[in-house]
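None of the figures in this text is laboratory data; all of them are computed from the coordinates on show. Predicted model, so just to flag it, every value in this text is computed and none were measured. Glycine gets a Cβ as well: all are built from the backbone with ideal geometry, and neighbour counts include every protein chain shown.
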Amino acid sequence: MSESSGQTNFVMCFVDALRGIGCVLKSERNFRIHVMAAVLAVVIGFVLGLSAGEWVAVVLAIGIVMATEVVNTAIEYLADAVHPEMDPGIRRAKDAAAGGVLIASVAAAAVGAIVYLPKLWEWVSKS
């Protein structure tokens with residue numbers, strides 16, 4: 001294998017991943033909601049002047065929610081392709097994957113409350 005074909009394969013991995021994210025963005029309403037919430041969290045973070053440590057917490061929370069939503073969607077696509085008719089095992093797998101997204105989302109909301117509420121309270125009380 002030549003070095004250029006290795007580099008091409010490396011680049012194609014990113015192309016494939018971006019195509020997958022684009023597919024989820026186009027097809028999944030909940031992912032679009034998560035993206036809007038992430039954009040809002042970032043804008044508010046800049047307005048409130050988050051510290052480096054606060055940014056780390058917020059970025060990790062956003063990343064975990066986005067990643068779990070993409071994995072949940074992948075599980076749903078795969079399950080539907082392999083077993084399109086109703087099946088209790090497939091249903092449990094889909095429910096478990098959705099539960100992972102819920103756990104990540106609740107944890108992200110907790111991070112948001114811990115990071116943003118004191119700053120918002122300080123901002124409101126100054127007004």
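The table below lists the values:
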{"quantity": "Residues satisfying the stated conditions in the range 46-97, i.e. assigned to a helix (DSSP H, G or I) and polar (S, T, N, Q)", "calculated": "Thr68, Asn72, Thr73"}
{"quantity": "Qualifying positions in the range 16-32 - surrounded by 12 or more Cβ atoms within 10 Å (Cβ to Cβ) and either among the hydrophobic types (A, V, I, L, M, F, W, C) or within 17 Å of Leu120 (Cα to Cα) (or both)", "calculated": "Ile21, Cys23, Val24, Leu25, Phe31"}
{"quantity": "Qualifying residue in the range 6-17 (condition: among the hydrophobic types (A, V, I, L, M, F, W, C) and under 25 Å from Ala109 (Cα atoms))", "calculated": "no"}
{"quantity": "Count of the range 105-117 residues which are touching a residue at least 40 places away in the same chain (Cβ under 8 Å) and either under 15 Å from Ala74 (Cβ atoms) or surrounded by fewer than 16 Cβ atoms within 10 Å (Cβ to Cβ) (or both)", "calculated": "2"}
